[in-house]
Amino acid sequence: MKLLFVYNANSGFINAAMDSMHKIASPETYNCKLCALTFGNFSENKEWKAFRETSDIEMVFLHKDEFLKQYRSKWLPKYDFPVVLSEENGELQVFMTSEVMEGLENISDLIVEINNRHEDWV
């Protein structure tokens, strides 16, 4: 099983710059909790990076536009982004919803949630 982390943001330098400005100017209205947890204003959260690099969980990270292009299908369900999906044998299932992410306070909470859910899935 691998996990697909899909950000509620589009790819590209201009989009990244605009997202950073939004996080600084109005963090309470920023609409990607996954981005806010895993990245600071300008770089990846150090605790998250350490987890990502040492975990035995296979992880793939996609922006919303990349995901929709790569997984385009008329049978693809509508997802609320950000979302974490599990992919196994070509099948996608919701691993963690945006609603769950909204309830997380910090990166440590996200890491605990991923580990707990992963244990339940394997």
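A few notes on this one:
- Sorting ASP120, ASP80 by the number of Cβ atoms found within 10 Å of their own Cβ, with the fewest placed first, yields ASP120, ASP80.
- In terms of surrounding Cβ atoms within a 10 Å radius of their Cβ, ILE111, ILE57 rank from fewest to most as ILE57, ILE111.
Where a number appears in this text, it was derived from the coordinates with a stated rule and is not lab data. Model, not experiment: these values are computed from the prediction. In this analysis, Cβ positions are derived from the backbone assuming ideal geometry, glycine residues included, and neighbour counts consider all displayed protein chains.
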